[in-house]
Structure formats: C-alpha cells, structure tokens
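Novice: Pasting a structure here, questions to come.
The values are calculated or read from the model by the stated rules, or taken from the named source; none is laboratory data. If you're wondering where the values come from, they're calculated on a predicted model, not measured in any experiment. Backbone-built Cβ (ideal geometry, glycine too); neighbour counts: all protein chains shown. All accessible areas refer to the heavy atoms of the entire protein, side chains included, with ligands and DNA or RNA removed. Shrake-Rupley method; radii C 1.70, N 1.55, O 1.52, S 1.80 Å.
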Amino acid sequence: MEIPSKYNPAATEEKWYSFWMEKGFFKSVPDDREPYVIVIPPPNVTGVLHMGHMLNNTLQDVLARRARMQGKNTLWLPGTDHASIATEAKVVGKLREQGIKKSDLSRDQFLEHAWDWKEKHGGIILEQLKKLGASCDWDRTRFTMDEALYESVIDVFVDLFNKGLIYRGVRMVNWDPKALTALSDEEVIYKEVQSKLYYLRYQIDGTADEWVTIATTRPETILGDTAVCINPNDDRFKALRGKRVLVPLLNRSVPIIEDEYVDMEFGTGCLKITPAHDINDYEIGIRHKLESIDIFNDNGTLSEKAELYIGEDRFDVRKKIVKDLEAAGNLVKIEDYVNKVGFSERTDEVIEPKLSLQWFLKMEEMAKPALEVVMNDTVQFHPAKFKNTYRHWMENVRDWCISRQLWWGQRIPAWYLPNGEFVVAKNETAALQMAKEKYNLTDLKPEDMKQDEDVLDTWFSSWLWPISVFDGIRNPDNDDIKYYYPTNDLVTAPEILFFWVARMIMAGLEYRNEVPFKNVYLTGIVRDKLGRKMSKSLGNSPDPIELIEKYGADGVRVGMLLTSPAGNDLPFDEGLCEQGRNFSNKVWNALRLVKGWTVDEKIEQPDYAKISLQWFESQMNAAIELIDDHFSKYRISDALMAVYKLVWDDFCSWYLEMIKPAYQKPIDKQTYETTVAYFEKLMRLIHPFMPFISEEIWHHLEERPAEESIMVLEMPGVKPFDKVLLDRFAKEEEVVVALRKLRADKNIPNKTAIDLFIRKNNDEKPDHTFDPVIMKLCNVCEINYVKDKVANAVSFIVGATEFYVPLGESIDVEAEVAKLEEELKYTKGFLISVDKKLSNERFVNNAPADVVNKERKKKADAEARIGIIEEQLAGLKG
C-alpha cells in the first residue's frame, strides 16, 4: 500500500470503525475466559456529547481496549438513562411549541409524545461516542425504560416495600417549583448568594407599644408563621416567656416558644417559625405541636392560605411585602448578607422546602454494609481521598425521597382503594387480588382502584444498572449475570458518588450479596483556562465533535488524557488536542521514514545498529514495566505519558536517528526487520489510547490478511531488561547532547568530522559500549581514551568524565574559564541542595533505600565533578 504524505484522520476513523463493527470485535458472550466488564454510566437520553463525556468515555475505552488485548473476554456495555425531569421538560417544551399543554393530554397521550421524542433524539449521544472510537458492545445497548429494566425497578420497589424499607408519609421535601416535583437531598446544589437580611418587628399581643424583632432572609414566609422562638438560656428575653405576638400584616396571634435550637448570636436571638417552609422550623414545629400553614402553590406562587398576594410569584411578593411592612411600621432595617441557597440540580430553580406526601426509602440500614465495603477496600476508590467524603455522607444519610410528580418514568406500583387503604403489587391484576384478600373486598373491580400518579426518581432505576442490564433482578440465575457480575471498573464523576455509586453498592449488596464493581475511577471536572466548569450556559465548552473533526479522534483522546490525573480537575486547553494531533503526525512520519528505506540483504549489520537494537529492546521493556505499574494504580494519564515518551523521545527522536542509514543508502535486513517488529509492538502499546492511527499503521507495516486487526492482538507484557545498559545510555545521551551544543556554539557544520578524546577519572575504565553510536550521531571520526588533558581543545564534563574536541586553533581561554566557572557555581549549588536533603534525618530514615542511595550517588558525582572543574580551571589559569 502506498503511504500518503499526510495522515487523514477522518477517512481512517470511518474506515476502521466500520471494519471493527462489521467483524464484531466489540461483541462479548460468556465463555471460559476471564471476563472484564465495564457498564457505561448511562448518559441522559436528552444529552449530546460534552467534554465531561469525552473524558469519561475515553478512559473507559482505554481500559476496555487494554483488557481485550490482555486476552480477557471484554464487555463494555452501553446505554442511556430516561432522565425523568430533563426529558419531561424537553417534551413539554416541544408540545408548547406546537400549541399543546401537558394538562390537555391524558397520561397515555403524553407518554406517546415522550416515546416519539426518545426515538428521534435518544440515540444521538451513543452515535457520537462511536466517533470517539468507543468499543462498546452496541448489540447490548440498554435503556432504563426498556421492558426488562422497567420491570426490575417495579420488582425492587415491591420487594423493599414488603421488607418495610419503603414507606409513604408527609415530610419536608425539596420542592422544585419549575419541574413541579420533589427532589432528593442530593439533587440540591447549594450556592453562595448575595442576599438581604430583613429585621422585622412583631407586636406583643395585648400591648400598646411592645415589640420583639426577628431577622429573616425570606420576609414573604411570615405569612406562614405559627410561632416566634427564643432560646431558654437567653436572659435577654425572660420577660417574653408565655406571651404571644401578632404576625405583621395579618395580625395573627402566635405563641412565643422556647427551644435550644435558636442561635443566640444570630440576628436578634429571636427566630420566626414557619413549619411548612423550613426543615429546621418543621422539626421545631413537631416538637412543640405547632400548626403548619403551607402558603405556596406547587409552582411557587402564593396560595389562598397565605391570605395576601394570592397567585403572585414568591420573588415578586418578596419585593412587595418589604414595602408593605415598611409602610405598616414593621420593617426595622435591611442588611446585606451572604448565605447559601439551594438550587435544583436539573432546572437551576431556587428550591422551596415544602411539606408533601411522598414515598421514601429507609437508608440507614442499607448504608452500613455499603460503607464497610468501601472502608475495607472491597471496593477501591481511585484516588482513595474520596473515601472520607463517602464516609461522611454515609454516616449522615437521610431517607431517600423516591417519588417524583412526573409522568415520564417507572410509575409507582401502588393502588388506592375505595376504603382509604392502598396495596403495593407488581401489576394491576396482582393488586386487585391482594386487595380482595387483604381487605375482604370481594366485589372490587379494577376500575374501583386508582394507581398512584407519581413516578420513581430516575436514580431508583440507575442504582440497579449493573444488575438490571444483565436481567439479574428478574432472572437472578441467568448466564449473563453469573458471568459478568460483579463488573470490574466503574469510571464516573465524584459529584455523583452519592447519587449513584453509593446506591449501586447498596443495591448490589441487597440483591446479589456482592459489590457491583471492584474499582471506582473518579474523574475530575473539565474546566476552562479560568478554572470555570465547562458548560453550555457559560458558553465556554467547545463542541467535542468539532474538536474531533479538527484534530482527529486520537488527537482529542490524547489531549483529554494528557493532564487528567484521577480525581483532579482537568484544566482543558485546545492546545492539548493540537499536541495530540502532532503526536499522530510524528508517528505517521516515523512510519513513512521506516517504510521509505531500501533493504539490502547482503550488507552486514553495523556495530552502531547492534547496540542500538539492544538498548531500545531494554528501554521498551523498562517502559512496559512502568506502564503496567501505572495501570495497576489507575494512573491512566501517567501511563499515556510513559507511552508518549517511549514513542516520541526514545523511538522517534533517538532510536530511529541511531539506526537510520546514510542518505540514499540501504539498511541491513536484520536491523530493518527488528525495527518493524519494534514499531508493531509500539502500536500495540499505543492502541488503547489511539485506536485509529495504531490500526492504520499496523496494516502499513506488513502485508497481512484484510480481516486481521491490531485490537485483538496480545498486549506486550513485561520482559527482563538490562538496567546497566540503560544507565550507560543515559550518560551517552548527555555526551551526544553536549557534542551537538558544542558544534552549535563553535559553528562547526554537522558534515565536518571531528575527533573526540575522553579522559576517565577516579580509576574508571573506558566504556566503549556506545562509541559507535556517538560516532554516527555526532560525525566523530575517531574516539581516543587518554590519561592526560588535551591541549588546544574545547572540553565538557559528563559525570566524572572529561571530553575534549581539538579545534586545531588557539582556544579562547577567557571564554573557557567563564564557562567552567559558571558550571562550577551551578554544581556547588546543586551539591548544597543534595547535602540539605541528606542531612534531613526524616528523609534518610523514611524514604525508600533506593531513593536515598540515588541522592548519595548524586552527591558523589557532584563532588567528583567539582574536583575536575577546579583542576581544569587551575590548568587554564596557569
């Protein structure tokens, strides 16, 4: 095949992805091999690919492709989440554009529109993931509203209800007035906002001019006040005990109560109590048996119970009531105040605490074993720092509000009966039978029962995801669940550690008596240069598909991973994708260089090539050991960097230069074939990170059957390597760099051959290992080892060895002295820093032995170098 002069990512990606799909390389069925399983964190069916998805799914694909090449039966299972709130909002918006109100439709009619919308838009994000190179088993794609998954959710609800873990009750919930639904505590985002603190005075009932002052950030809620509270330990308010006050504007008489909850330092020390609209007030209200007045409608407007401003929006009322309070003489003062306000994670609407009849799941008992398996590392977090965050949440867990006032989702399987009771059952038929038997309602008909209108929280389906995708709830002994569960790795974001990860662990322990995964890799947040989270609303997030079109999928994958250590935020810069594309081009140009050589079977292998092959073999095996170590610790970014350096620095910049034949000269067969073999091995190492270009290059390196693919080849494993040889080359590398610098400083053209004299010190013996390489790379005519200094030559030092290059002319002594004095100053400074480290007892006693020994070696080298430089200076100064 002719190799194009430029790499074309778009054509290559389309070609190979179609090929992989056609050949079924992503598919998995249970067999005798060790399974490797990742279930995708299901993106919202409403979603399109954003930068967070790019990072998350690149990481998953790297893990999946690597496992596949390690011979494991790899399954990366894809799917989407029905996303109740987000999807219903999209459908309602679409209907509004058509002039249709949700309230004008029956539930079934609305769900028809929702399913139509899902069919049209629901697969977009999965198709976009294919552009990234995602090697998912697409035949196994799941959706949380699929029949099997829907039924699994209903079965679990019924089971947990029967176990006494699910209950129905009036509780204070987080109400989203925009989505018109309750939210769980974890779906509320608290933000610091600039507010006002309003000081209001309440007249003491039965007095002409006695008042008590309270402070509030929400003056509109005074309409729901049913008490004023003081701390019993606060002597300032002794005289108020047992009295009553009048609520401003309404003149409703309410009691003054005492409770130690009141912070004597905050505001005035007096607290207005509104049990229906504040969680703490609600709990005080229960303790003191206070009336609860709900002054808000579900949409955030004021209800008839407010008595004033009926039907007006809560924030409009806040402005109006402040003016009315001032006019009535109840407003004392207003102060600026910074406080935290809860916002809906989905709609960004300010949350309204509200008493509501909802369904709840008891969490305390389920949380205990789920906490234990993380703290004892049965489930390992990467990075482990998130264990403390997890523990804090699990030890302070509240019951989970699982009902949502929506239509799109799994409908709660509870049926209400004419006698005021209800039954929970898998379906209407089972509910009818249960109701007849339990309540002796022999004449009961289906139409006499009314199913609960609410649906379950979206997370109540996704917490079952690692089980339900294998139908492990309905059919707990099927082949898939027995083979693929528990899964291996979960890649997700820390912000859903509690929404999803914790709950999946609970569900896994409850329904499989086994954790759902062994490792949780927690990604960071993708941020812009200013440190802001990338989002559509800020307009600071590039379109991932446009990035792929511009830089190629491999370039974007590398760009995303270059600076994304687990758990740390990714400061994204488009320049990283450019760096990824440049890497692709570097490897492509290396291919064109190697395949452009002419092979002569008759010529012998040169000495420089022999030692170069030995060095690179060792260098590659050392890198493989490091790469494997990084993967074992889930340092995916570090693993990529190790591959990147091996390919760019060691292979392209050094090895190919070391072995390439002279211009228009042939290369020997053995060196060429070994080089191609190395190139192939490198492509296997790089394949999980850059699947497309590695496949393309692999097919160009050798003639091979069309149906073969690099993605199912074996991943290179660790082999022994010669560390002494690598240490020697590190020194020779310094020599080559120094010789090239000397040529540049002295304006010696590369085509002009030079002689090199080497003087060893400290009884070191000459090491000829890399002499042929130095001679080739630096155009050295002859290398001589000498015992004495060389006259009329410029010099440099590597380690404790002196190198001289005669120039055949008088030396600028002044310049040489200045250079050596600068080098002496630097080396002495370096020695001081090493001495400081070695004089630190904590370092010497606690650091690994090899680390301490390296520092001691640095000290010895620096001392030897100082002695040589001083000797050279003495010689020059005469």
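Novice: Which of the lysines could a cross-linker span from Lys436 if the Cα-Cα distance has to be under 28 Å and same-chain partners fewer than 8 positions apart are dropped?
Specialist: Lys163, Lys426, Lys445, Lys450
Novice: Additional query: Using θ = phi - 60° and the Karplus form 6.51 cos²θ - 1.76 cosθ + 1.60, what ³J(HN,Hα) does each residue of the stretch 510-520 get, whole Hz, x for Gly and Pro?
Specialist: 6, 10, 10, 6, 7, 5, x, 7, 9, 9, 10
Novice: Could you tell me the calculated FRET efficiency between Gln664 and Ser833, based on Cβ-Cβ distance and R0 = 45 angstrom, to the nearest 0.05?
Specialist: 0.35
Novice: Another question, if that's okay. State, to one decimal in nm, how far the label point of Glu428 lies from the label point of Asn396, with both points 7 Å from Cα in the Cβ direction.
Specialist: 4.6
Novice: Right, next: Tell me the angle of helix 849-877 to the major Cα principal axis of the chain, expressed in degrees between 0 and 90 and rounded to the nearest ten.
Specialist: Result, in degrees: 40.
Novice: Let me ask something additional. If each of Thr442 and Lys243 carries a label point 7 Å out from its Cα toward its Cβ, how far apart are those two points in nm?
Specialist: 6.7
Novice: Run down the lysines and flag those whose C-alpha is under 18 Å from the C-alpha of Lys15, throwing out any fewer than 8 positions away in its chain.
Specialist: Partners within reach: Lys6, Lys23, Lys130, Lys131, Lys550.
Novice: Here's something else I'd like to know. What are the ³J(HN,Hα) values, in whole Hz, obtained from phi via the Karplus relation 6.51 cos²θ - 1.76 cosθ + 1.60 with θ = phi - 60°, for each residue of the stretch 598-604 in sequence order, with x given for Gly and Pro?
Specialist: So the J values, rounded to whole Hz, are 8, 9, 10, 5, 8, 7, 7.
Novice: Would you mind calculating the gained length between Trp648 and Lys877 on full extension (0.36 nm times residue separation, minus the Cα-Cα distance), in nm to one decimal?
Specialist: This chain segment gains 78.1 nm when fully extended.
Novice: So what J values fall out for the stretch 223-236 if you push phi through Karplus, 6.51 cos²θ - 1.76 cosθ + 1.60 with θ = phi - 60°, rounded to Hz, Gly and Pro as x?
Specialist: 5, x, 5, 10, 5, 10, 10, 10, 7, x, 8, 8, 5, 4
Novice: Can you list the residues of the stretch 700-739 with backbone N under 20 Å from a point 7 Å past the Cα of Val29, pointing along Cα to Cβ?
Specialist: Counting backbone N atoms under 20 Å from the label point, the list is 712.
Novice: What length, rounded to one decimal in nm, is gained on full extension from Lys550 through to Arg474, with 0.36 nm per residue of separation minus their alpha-carbon distance?
Specialist: Working it through step by step, the gained length comes to 22.8 nm.
Novice: Determine, from the Cβ-Cβ distance of Ile866 and Arg740 and an R0 of 25 Å, the FRET efficiency 1/(1 + (r/R0)^6), rounded to the nearest 0.05.
Specialist: 0.50
Novice: By per-residue mean of other Cβ atoms within 10 Å, what is the highest-first order of 415-422, 240-247, 140-147, 96-103?
Specialist: 140-147, 240-247, 415-422, 96-103
Novice: Separate question: Please give the per residue accessible area of the chain, computed with a probe of 1.4 Å over protein heavy atoms only, in Å².
Specialist: Solvent-accessible surface per residue comes out at 46 Å².
Novice: Between Lys196 and Lys333, what length in nm is gained on full extension when 0.36 nm per residue of separation is reduced by their alpha carbon distance? Write down the numbers at each step before the final one.
Specialist: On the way: separation 137, 0.36 × 137 = 49.32 nm, distance 1.01 nm.
Result for the pair: 48.3 nm of gain on full extension.
Novice: Between helix 723-746 and the chain, what is the angle of the helix's C-alpha long axis to the longest principal axis, kept within 0 to 90° and rounded to the nearest 10?
Specialist: 70
Novice: Ignoring everything except DSSP H segments at least 4 long, calculate the 222 nm mean residue ellipticity for the chain; use -39,500 (n - 2.57) per segment, divide by total residues, nearest 500.
Specialist: After summing the helix terms and dividing by the residues of the chain, the value is -13500 deg cm²/dmol.
Novice: Looking at the chain only, what percent of DSSP beta bridges run antiparallel? Nearest 5 please.
Specialist: Restricted to the chain, the bridges split so that about 70 percent are antiparallel.
Novice: Which value, in Å² rounded to 10, gives the accessible area of Ile473 with a 1.4 Å probe and all protein chains present?
Specialist: Looks like 30 Å² after rounding.
Novice: How would Tyr309, Tyr202, Tyr439 rank on accessible area, largest to smallest, probe 1.4 Å? Mind showing how you got there, number by number?
Specialist: Values: Tyr309 35, Tyr202 0, Tyr439 60 Å².
Accessible-area ranking of Tyr309, Tyr202, Tyr439, largest first: Tyr439, Tyr309, Tyr202.
Novice: What FRET efficiency would be calculated for the residue pair Lys723, Lys387, taking the C-beta separation as r and a Förster radius of 45 Å, to the nearest 0.05?
Specialist: Rounded to the nearest 0.05, the efficiency is 0.80.
Novice: Against the longest principal axis of the chain, how steep is helix 364-375, in degrees 0 to 90 to the nearest 10, with axes from Cα atoms?
Specialist: In the chain, helix 364-375 runs at an angle near 10 degrees to the longest axis.
Novice: For Ser292, tell me the accessible area in Å² from a 1.4 Å probe, rounded to the nearest 10.
Specialist: 50
Novice: For Lys387, which aspartates and glutamates qualify as cross-link partners when the Cα separation must be under 16 Å and same-chain residues fewer than eight apart are set aside?
Specialist: By straight Cα distance, Lys387 reaches Glu372, Asp377, Glu395, Glu495.
Novice: I want to check the label-to-label distance for Glu119 and Asp348. Put each point 7 Å from Cα in the C-beta direction and report it in nm to one decimal.
Specialist: 3.3
Novice: For Ile257, what residues show an amide H to amide H distance below 5 Å, using hydrogens built from the backbone and excluding near sequence neighbours?
Specialist: Amide H to amide H, under 5 Å and 5 or more residues apart or across chains, Ile257 pairs with Val228, Cys229, Ile230.
Novice: Amide H of Val794: which non-local residues (sequence gap of 5 or more, or other chain) have their own amide H closer than 5 Å, using H built in the peptide plane?
Specialist: Correct list: Val805, Leu807.
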